[in-house]
Structure formats: C-alpha cells, structure tokens
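The values are calculated or read from the model by the stated rules, or taken from the named source; none is laboratory data. Everything quoted here is computed from the prediction, not taken from an experiment. As a convention, Cβ positions derive from the backbone with ideal geometry for all residues, glycine included, and neighbour counts pool all protein chains shown. With ligands, DNA and RNA removed, areas are computed over all heavy atoms of the protein, side chains included. Shrake-Rupley method; radii C 1.70, N 1.55, O 1.52, S 1.80 Å.
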Amino acid sequence: MSTDFILDELRELKALNLLREYKTIEGAQGPYVYINGKSYLSFCSNDYLGLANHPKIKQAAIDSIHQYGWGAGASRLVSGTMTLHQELEKKIAEFKGTEAALLFPTGYMANLGALCAFVSKGDIVVGDKLNHASIIDGCRLSGATFRIYPHKDVSQLESLLQRSSGYRRKLVVTDSVFSMDGDTAPLTEIAGIAKKYDAILMVDDAHATGVFGKQGKGLIEHYSLEGKIDIVMGSFSKAIGSVGGFIAGSKPLIDFLKNKARPFIYTTALPPAVCAASLTGLTLIQEDASLINRLWKNIACLKSQLSKFMNTITIGSPIVPIILGSAEETLSASQKLYHYGIQIPAIRPPTVPPDTSRLRISLMATHNEYDIKRLTETLQLIGLLKCEQARATSG
C-alpha cells in the first residue's frame, strides 16, 4: 500500500498552519530553559510548583536507583510490584482521602484504563465537551454509549441523565481544571446530579493536584467533596514534578481495576526511582505550604498586570489562555514571542476547537514578579494586549 498520503497530509497541515514541531530543551526544566544554547523564559510548563528540578526529588531518585536499580522488569501482576510502588499507592490514598489507589505509567493510561474497565456496551458515559483527549478516547474505546454536554452546562448534564434510565450503568466524567482553558468544573453541582441519578462520578484532578485546596489535594478538597467522588484520577507529571498517573477510590474499586484495567495489567510497572521522586514530591507539597502560596501569588500578579489592558479578566488557575482564533495568527504570535526570548507554543486544533487557537500561558511558583512583568510587556510590544481579538478566559 502506498504511503504517499503521509506526505500529502503533512503538506496540508503545513498549509493550514497546523503542523506540529517541537523545540528541544537542553538541560533541566524551570522558569528559564535553554534551546539551541540560548536562554528562554518559559511560560508553557505544567510544572506548576517548580518541583521537576528540585534537589530533594533528584536525590530521592538517585538513592532509589542505588537500592532498587532502574527498571521494574515486568508488569505489576507478574513481578513488577516493588516496595516503592506500594508505598506510593498508600501515600496517594492518604493524600486524596480514599481507601486505596492504583498506579498507572501515565495519566493517559489511568483515564483509558478506568473508563474502559467501568463501562462497556449497554452502559452510558456522559462527559464535558472540553474534557481531556485521554478521557474522550477512553469513552470512545469503552464501547459504551457516549454523550457530551456543553462545557460546564449542568442543566444539559441532568437532561442527559434523565433520559438514561434504560442503561445498565451510568458514568459521569469531567476534568476538574480544564487544561486548555484553565477554568474549573462546577464539581458540587455535578456531584449532586450524579448522586440524584445514581451515576458513577469520575473526576480527573490532574491539573488541580498540588494547586488547589488548603493542603494542595486538588479541587475535590477545595470544594470539600472528599468521599463524594467515586473515581479520582490524578497525575504526578504536573505540580508533583514527576511522571505517571493514578486512580484513587474505594478498596473494591481498586481491586476491580487491578483485574480489569488493561493498561495496568499489560504494561511494565513504573521504575521504582520514579515512585521515589513522586513520593518526595507529595511530601514536599504536604510539608511546605509556601510552594502553593508562591504559585497563587504569581497568579494574582499576572491578573494585576493583565487588568491594566483588559476591562474584565478572570483568572482562576495557573493556566491563562490568550485566544486569538486563527491558527496562522497564533503561530505568528508564538514566533514573535520566541524572537524576544519567551517560549509559549501555539495551541491549535485539534487540541482546541476550530477558531479558538491560543497562546496557553502557564505559571509556575518559581516565576517571579520580574518574569511576569517581562511577559506582559512583551505581549504589549507585539501588539497582543491591544488586539480586540485577544482575551484571557479562565475562571
């Protein structure tokens, strides 16, 4: 079979300003990164607390390698379950206030594994229109009837559940913090509706863990919903500064996933050093409240800076999109920022809906006031803060 279509589609993507290319980071992650030997101020990392290069996390990984080696050698149910996997699962359950937890190699696998395990043909799964791609893929692959409600529209969610009495199981799934818009789900209302219609509720708390709540436990803690969410998904690759995903919930739920979640059953376990890094990241969040405080101080600083140029602006998380609409304009803006030493890639379809291409600003606790001022001054310099099309929409 000819593969000429590959080149044709690549040319088409380039013509539409939708071709993706990456820039290689030389060295560690941080507020400043090196690309081609030059320093760039980075506002695109999900390392919200700046832990990816924290000395205690690095040392924990090094010490673990000396004791446990690197690879886990097999899947968890064969011989890949090691001491640190169990320690981390216990730590997650305590942190999230659940009976048990289960590790997955990535957050993507956690969502895919849980959704495909809990629902199938004869069931219905209902999700927010702007849920993460891993949730959407899990819903589609599950074989269940998949229905979408408009973004954060709880009345439409309830309407869909009202018409779902004929299904064996009902599952509602939502992000807590939406990764491209930075706004938060109305979790209290969603939890009430799910309970009313006897639906399982699954919440992806990946971008809220380590960011929201007095103890950084996530948006579930922020809304005092501990114990009211059936399936809690999270990730170590954002604020915790490591890698991997997890599902937390009741012990029977976790035992069920151990036997039913294919991405867990058929994937080699995370290296023990990764678990050591994640354990240390969780400990740092619990022991040092200043990390989260510094992040929210920076969020307030950016809001103050942007309010000088915009009459109304709502920022409710470290993720602040400046929506420009066209892919061409957004790519051009990203390239101009890069010219001035600021790294913010252009986010374009299919990552976001058509005509909503954007610059996704992502703040870290390790940014400072000067960094944020430099960002807003550069945005002004290239004309974005004067452009009527540019608007920050979070909250």
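Could you work out [θ]222 nm for the chain from helices alone, using -39500 (n - 2.57) per DSSP H run of at least four and dividing by all its residues? Round to the nearest 500 deg cm²/dmol.
Dividing the helical sum by the residues of the chain leaves -12000 deg cm²/dmol.
Quantify, in whole percent, the carbon and sulfur part of the accessible surface of the chain (1.4 Å probe; protein heavy atoms only).
Here carbon and sulfur together make up 51 percent of the probe-accessible area.
If you put +1 on each Lys and Arg Cβ and -1 on each Asp and Glu Cβ, how big is the dipole of region 144-217 around its Cα centre, in Debye rounded to 20? Can you show the working numbers first?
Working: 10 positive and 9 negative charges, 83 e Å.
Value, rounded to 20: 400 debye.
For each pair in Lys56/Lys238; Lys96/Lys129; Lys91/Lys217; Lys121/Lys170, compute the distance between the two Cα atoms and list the pairs where it is over 19 Å.
Lys96/Lys129
Please enumerate, by chain and number, the aspartates and glutamates with C-alpha under 18 Å from the C-alpha of Lys373, excluding those fewer than 8 residues away in the same chain.
none
Which links in Lys14/Lys308; Lys152/Lys260; Lys152/Lys195 stretch past 26 Å when you go from one Cα to the other?
Working: Lys14/Lys308 36 Å; Lys152/Lys260 30 Å; Lys152/Lys195 17 Å.
Over 26 Å Cα-Cα: Lys14/Lys308; Lys152/Lys260.
Which of the listed residues, Tyr68, Ala101, Val119, is farthest toward the dipole's positive end in region 40-136, when Lys, Arg count +1 and Asp, Glu count -1 at the beta-carbon?
Sorting the options by dipole projection puts first Tyr68.
Quick one: 3J(HN,Hα) in Hz for region 151-168, Karplus 6.51/-1.76/1.60 with θ = phi - 60°, rounded, Gly and Pro as x.
3, 6, 8, 5, 5, 6, 4, 5, 4, 5, 5, 4, 9, 10, 5, x, 8, 5
Which ³J(HN,Hα) values, rounded to whole Hz and listed in residue order, are derived for region 289-298 from phi using the Karplus coefficients 6.51, -1.76 and 1.60 in 6.51 cos²θ - 1.76 cosθ + 1.60 with θ = phi - 60°, glycine and proline given as x?
5, 5, 4, 5, 4, 5, 4, 5, 5, 5
Under the Karplus relation 6.51 cos²θ - 1.76 cosθ + 1.60, θ = phi - 60°, what is the ordered set of whole-Hz ³J(HN,Hα) values for region 213-218, x standing for Gly and Pro?
My calculation for region 213-218 gives x, 4, 10, x, 7, x Hz in order.
Only bridges whose two residues both fall in the chain count here: according to DSSP, what percent of them are antiparallel, nearest 5?
Numbers: 25 of 44 bridges.
Just about 55 percent of them are antiparallel.
Using a probe radius of 1.4 Å on heavy atoms only, what accessible surface per residue do you get for region 87-156? Whole Å² is fine. Provide the component values of the computation, followed by the final result.
Numbers: 2790 Å² over 70 residues.
Per residue, region 87-156 has an accessible area of 40 Å².
Express the accessible area of region 209-344 per residue in Å², computed with a 1.4 Å probe while the remaining protein chains stay in the model.
On a per-residue basis, region 209-344 sits at 40 Å².
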